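One structure below.
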Amino acid sequence: MSLRLGKIPINILEEIVFKNLGMKREEITLGPASGFDGSVINVGDKCIIVSMDPITGAIERLGWLAVNINANDVATFGVEPAFFFSCILLPENTDRKIVETICTQMDKAARNLGIAIAGGHCEVTPGIKNPVVVGCTIGMAEKDKYVTAGGANPEDKLILTKSAGIEGTAILASDRKKQLKKRIGVSVLKKAEQFFNQISVVKDAMIAFKTGGVNAMHDPTEGGVFGGIHEMADASNLGVKIFEGRIPVQIETVEICQFFEIDPLQLISSGALLISARPDSAENIIENLRKNSIQSSVIGEFNENATHRIVKKGNGARALPRPLSDHLWLALTGEGAA
């Protein structure tokens, strides 16, 4: 049976990918594991945080996204991203201008975040239709001066910054503009396209971590907010109770998701950040984020029972959905289209 578009299912990761990892090295403190988006490698009295992600899509923002999306994964450790590597794969008949566009975007994004582009590779690759940039970001920290997605504790408050479905909203507003114009106003679509400007969570993560009381952080990418919560709970071996009514969803996201008949809480949400915080620290974190013009809300709390993962809405409750595929793919392939 063919795999769905998007991330490989967790069972295949555990049964195949994680069983074929080469030699074991004692320097690896955190290697490939479910729910984690980066690795930790000890080097002397310091450690390095490493993460990798591919970016495909429209050329006008490919390089910019490659830097920002990869930087986000390192920032969720409470560590500032420092170095970026890229592997740029280009389709046949690519011209010099496309190479320049991607590289100048990466340069601008890296400078904004204080990141050095330390190396990489660039080639024209037969068999692909669109450019692909595979990025790798590295940050450095003192030993044990970081958090992971697996550090949440029972009774921790779960905070979400910004809102659900940020990246998915921007992608659909850009790539399906002609289709959406049939029912959604031009002004709404223009605002939705600008959601790309919200995609970095480096500032969110650094403010939260420096405030104190953060036990774990994770950025909800594929699978959206619900997928990200499951990954965080998986990594921490905990259950969770979510209050759906507290999860912010911007009106542009609501309208676009209604058009495609998809769930904004299962839509790729780069730009939002999940933070597991000690109960006595949650309000301080929210206040410091607010002072820096970053909206955030307590949307739930963790519990000891790893199988007890529910969503409450009004007086009702249901099991926390685990997305089989990001709802972006449902919209792009027409499976969820209105």
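The values are calculated or read from the model by the stated rules, or taken from the named source; none is laboratory data. Since the model is a prediction, treat every value here as computed from it, not as a measurement. Counting neighbours? That spans all protein chains shown, and the Cβs are built from the backbone with ideal geometry, glycine included.
Couple of notes before you dig in:
- Boolean, residue 209 is within 20 Å of residue 73 (Cβ to Cβ), at pLDDT 95 or above and out of contact with any Cys (no Cβ under 9 Å at 6 or more places or on another chain): yes
- All of (1) surrounded by fewer than 24 Cβ atoms within 10 Å (Cβ to Cβ); (2) under 11 Å from the mean Cα position of the chain (by Cα) hold for residue 225 with one exception: (1).
- Listed by position, the helices (runs of 4 or more DSSP H) inside region 157-230 whose residues that are of a type in the set (Asp, Glu) number at least 2 are 166-175.
- Complete set of residues in region 77-103 that are free of Cβ contacts under 8 Å to residues at least 12 places away in the same chain and not in a helix (DSSP H, G or I): 93, 95
- Scope region 246-257; condition in contact (Cβ under 8 Å) with a residue 60 or more places away in the chain and either over 22 Å from residue 69 (Cβ atoms) or not hydroxyl-bearing (Ser, Thr, Tyr) (or both); matching residues: 247, 248, 249, 250, 251, 252, 255, 256, 257
- All of 189, 180, 160 fail the test of being within 30 Å of residue 291 (Cα to Cα), over 22 Å from the mean Cα position of the chain (by Cα) and crowded, with 17+ Cβ neighbours inside 10 Å, apart from 189.
- Residue 297 being modelled with pLDDT of 95 or more, assigned to a strand (DSSP E or B) and among the polar types (S, T, N, Q): yes
- Checked against (1) without any contact (Cβ under 8 Å) to a residue 60 or more places away in the chain; (2) part of a helix (DSSP H, G or I); (3) under 13 Å from residue 131 (Cα atoms), residue 106 meets all criteria but (3).
- Hits in region 300-338 - residues which are outside any loop (DSSP other than H, G, I, E, B), of a type in the set (Gly, Ala, Ser) and within 24 Å of the chain's Cα centre (by Cα): 300, 319, 331
Residues checked against (1) among the basic types (Lys, Arg); (2) surrounded by 15 or more Cβ atoms within 10 Å (Cβ to Cβ); (3) out of contact with any helix residue (DSSP H, G or I) (no Cβ under 9 Å at 6 or more places or on another chain); (4) farther than 27 Å from residue 171 by Cα:
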residue: 240; (1), (2), (3), (4): no, yes, no, yes
residue: 246; (1), (2), (3), (4): yes, no, yes, no
residue: 268; (1), (2), (3), (4): no, yes, no, no
residue: 277; (1), (2), (3), (4): no, yes, no, yes
residue: 288; (1), (2), (3), (4): no, yes, no, yes
residue: 293; (1), (2), (3), (4): no, no, yes, no
residue: 303; (1), (2), (3), (4): no, yes, yes, yes
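- For region 262-306, the tally of residues that are in contact with a Gly (Cβ under 9 Å, 6 or more places away or on another chain) and of a type in the set (Asp, Glu) stands at 3.
- When residues of region 21-41 are limited to those that are more than 15 Å from residue 77 (Cβ to Cβ) and of a type in the set (Asp, Glu), the one nearest to the chain's Cα centre (by Cα): 27
- Verdict on residue 290 being modelled with pLDDT of 95 or more, in a strand (DSSP E or B) and charged (D, E, K, R): no
- Residue count for region 160-190 under the criterion of being of a type outside the set (A, V, I, L, M, F, W, C) and farther than 28 Å from residue 217 by Cα: the result is 12.
- Residue pairs whose Cβ atoms lie under 8 Å apart, sitting 6 or more positions apart in sequence or on different chains, and linking a residue in region 140-152 that is under 15 Å from residue 48 (Cβ atoms) to a partner that is of a type in the set (Lys, Arg) and surrounded by fewer than 22 Cβ atoms within 10 Å (Cβ to Cβ), are 140/46; 141/46; 142/46; 143/46.
- Some residue of region 235-245 being among the charged types (D, E, K, R) and either assigned to a helix (DSSP H, G or I) or over 27 Å from residue 193 (Cα atoms) (or both): yes
- Taken across region 232-254, residues that are in contact with a Leu (Cβ under 9 Å, 6 or more places away or on another chain), of a type in the set (Ser, Thr, Tyr) and in the same structural domain as residue 170 (by TED's automatic domain parsing) do occur, with at least one present.
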